[in-house]
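**Q** Next up is a structure, given as structure tokens.
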Amino acid sequence: MATKSLASWATSLEASSLPSSVKQAAIRSLYNYIGCAIGGSNHATVTKAHDALSPFFGKAASTLFGHQGGLKADAQHAALLNGIASHVHDYDDTMLATIIHPTGPVASALTAYAEYKGGVSGPELLCALTAGIEASCKIGLAVWPEHYDIGWHITSSTGGIGAAVAVGKLMHLSEEQMAHAIGIAAVQVVGLREMFGSDTKSFHPGRAAQSGLLAALLAEKGYTSSPQALEAKRGWANVVAGGGTPKLQKYLAELGEKWEIEANAFKPFPCGIVCHPAIDGCIQLHHEMEAKSIRAEVITKVEAKVHPLVIELTSKRMPKDGLEAKFSVFHGAAVGLLYGKAGPAQYGDKVVQDETVTAIRDKVNATADGRLAADETCLTIYCSDGSTLEKHIKHAVGSLEVPMSDAQLTEKFVDQAALVLGENAQIASEAAWAIGEARDVAEVLREL
């Protein structure tokens, strides 16, 4: 009875019962999401989607982030477009155990509906957000890794259900209605790994947000689905896991006991997270080379031993643009060595196509080593004078062992938001940090 169990837990969850550590994790997750959504709001991928769909917008009820209240859409389209914006730079949060980016689909649906509804307090929003993230992560764990190995993009294939749970929580759905919302979301499964490196990758969490919102709206009006939508033989888990061995009951039994949101990690670099150890190491090597007055031009070869997933997911040797470069460990290593940073600017199309970057990128070689952890790498730089530099990253920055601090999250938020909002980025940052205490979150959202 996995569907019923999830619905029962979600409808009974109370903001006052959330542990302080869970509340803090929810605040950090929402804050990071808002920064990513603002930072991605003017990306060409978002602009193309907006231009295609704006003729079909309904009542302008929900803010499109990055325009300080100057651009709105109906809640359904706002959920879609903010979801795309939040993921387009690949800068969002990550549940490392499954590589789910949980907040984007959930928060995009939730904020769009909360502004449309009005009168939603910060604590209510954080409680609903937590419910949605826990739902996404628990069902994701239940089908991992079979689901991902088949080729599903697990962020969106779980995110629609999480979004339905979160919005349903704000709607105060009954347990029966919530179960139906879960089922309606489950049939709208979306996201293929084949799309990585294209506009459609970020469409996945946007569509999941939109689908989850739709599911909750339908369920509220009595629309029905199977009461065993998740666990049935031909239900969500068995179908998306390819007949694998879903462990739904095991993980759903941990709801309210083990909080997955507390293990949410945040990206210091806007690209596939498996690249981060190599980038972290190359940035550190950049500073060492700088201190020793070693120029990048003397590098003849860079050898990187990496976890096998790095080769599987980020082996684009010659990325043609910024979207493809996010799946190129070679590009991440190159900009880390050249610039000592790897932010949104270093993943711009012009940088990806720059001859200096290309020259270093061509010298990077990555080899899979199954003995390494996912957040670990071993780097060796060979120079023309025969000397070498080495760096072993045991845990990359942004991992659970080396987490980003609130100060680092703030710097990340302001850096990317400033590319869109200019000097108002700091004001947006302060508002986003405080949204969990708002009497009506709509008032805050309209300023972002």
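The values are calculated or read from the model by the stated rules, or taken from the named source; none is laboratory data. The structure displayed is predicted, hence computed values, not measured ones. Note that each Cβ is placed from the backbone with ideal geometry, even for glycine, and that neighbours are counted across all protein chains shown.
**Q** Could you figure out which of (1) among the acidic types (Asp, Glu); (2) under 15 Å from TYR382 (Cβ atoms); (3) in a helix (DSSP H, G or I) isn't true of GLU312?
**A** Among (1) among the acidic types (Asp, Glu); (2) under 15 Å from TYR382 (Cβ atoms); (3) in a helix (DSSP H, G or I), the lone unmet condition for GLU312 is (2).
**Q** Do you know which residues across segment 381-426 are surrounded by fewer than 14 Cβ atoms within 10 Å (Cβ to Cβ) and acidic (Asp, Glu)?
**A** Within segment 381-426, ASP385, GLU390, GLU401, ASP406, GLU423 qualify.
**Q** Next question, about the same structure. Can you name the number of the only condition in (1) under 28 Å from GLU324 (Cβ atoms); (2) free of Cβ contacts under 8 Å to residues at least 12 places away in the same chain that ALA232 fails?
**A** (1)
**Q** Out of curiosity, is GLY132 closer than 15 Å to GLU231 by Cα, modelled with pLDDT of 95 or more and either over 19 Å from the mean Cα position of the chain (by Cα) or crowded, with 24+ Cβ neighbours inside 10 Å (or both)?
**A** It is false that GLY132 is closer than 15 Å to GLU231 by Cα, modelled with pLDDT of 95 or more and either over 19 Å from the mean Cα position of the chain (by Cα) or crowded, with 24+ Cβ neighbours inside 10 Å (or both).
**Q** State all residues of segment 260-284 that are surrounded by fewer than 24 Cβ atoms within 10 Å (Cβ to Cβ) and among the acidic types (Asp, Glu); if no residue qualifies, say none.
**A** GLU262
**Q** Quick check on SER86: is it small (Gly, Ala, Ser), over 18 Å from GLY168 (Cβ atoms) and assigned to a helix (DSSP H, G or I)?
**A** Yes; evaluated as a whole, the condition is true for this residue.
**Q** Against the condition under 26 Å from GLY222 (Cα atoms) and not polar (S, T, N, Q), how does GLU134 come out, does it pass?
**A** Judged against the criteria, GLU134 is a match.
**Q** Modelled with pLDDT of 95 or more, under 30 Å from ALA237 (Cβ atoms), under 18 Å from the mean Cα position of the chain (by Cα) and assigned by TED's automatic domain parsing to the domain that holds GLY235: does that describe LEU6?
**A** So LEU6 does not fit the description; no.
**Q** Within segment 432-448, count every residue that is within 22 Å of the chain's Cα centre (by Cα), of a type in the set (Gly, Ala, Ser) and within 14 Å of GLU115 (Cβ to Cβ).
**A** 0
**Q** Looking at (1) among the basic types (Lys, Arg); (2) crowded, with 21+ Cβ neighbours inside 10 Å; (3) under 17 Å from VAL364 (Cα atoms), which one does ARG295 not meet, given that it meets all the others?
**A** Among (1) among the basic types (Lys, Arg); (2) crowded, with 21+ Cβ neighbours inside 10 Å; (3) under 17 Å from VAL364 (Cα atoms), ARG295 violates only (2).
**Q** Can I ask one more? On the basis of being without any contact (Cβ under 8 Å) to a residue 12 or more places away in the chain and of a type in the set (Ser, Thr, Tyr), does SER405 make the cut?
**A** Yes.
**Q** Condition first: out of contact with any Gly (no Cβ under 8 Å at 6 or more places or on another chain) and among the hydroxyl-bearing types (Ser, Thr, Tyr). Now tell me which residues in segment 107-122 satisfy that.
**A** THR111, TYR113, TYR116, SER121
**Q** Taking ALA97 as meeting all but one of (1) surrounded by 24 or more Cβ atoms within 10 Å (Cβ to Cβ); (2) out of contact with any strand residue (DSSP E or B) (no Cβ under 9 Å at 6 or more places or on another chain); (3) not acidic (Asp, Glu), write down the number of the exception.
**A** The number of the failed condition is (1).
**Q** So for segment 57-64 (the condition being surrounded by 17 or more Cβ atoms within 10 Å (Cβ to Cβ) and closer than 14 Å to GLY159 by Cα), does at least one residue qualify?
**A** no
**Q** Quick check: anything in segment 201-211 among the hydroxyl-bearing types (Ser, Thr, Tyr), in a helix (DSSP H, G or I) and more than 20 Å from LYS117 (Cα to Cα)?
**A** yes
For every residue, the table says whether it meets (1) surrounded by fewer than 23 Cβ atoms within 10 Å (Cβ to Cβ); (2) without any contact (Cβ under 8 Å) to a residue 60 or more places away in the chain; (3) hydroxyl-bearing (Ser, Thr, Tyr); (4) not in a loop (DSSP other than H, G, I, E, B).
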| site | (1), (2), (3), (4) |
| --- | --- |
| ALA10 | no, no, no, yes |
| ILE34 | no, no, no, yes |
| HIS50 | yes, yes, no, yes |
| GLY66 | no, no, no, no |
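**Q** I need a count of the residues in segment 133-156 that are of a type in the set (D, E, K, R) and either outside the structural domain of LEU13 (by TED's automatic domain parsing) or farther than 21 Å from ALA209 by Cβ (or both).
**A** Of the residues in segment 133-156, 2 are of a type in the set (D, E, K, R) and either outside the structural domain of LEU13 (by TED's automatic domain parsing) or farther than 21 Å from ALA209 by Cβ (or both).
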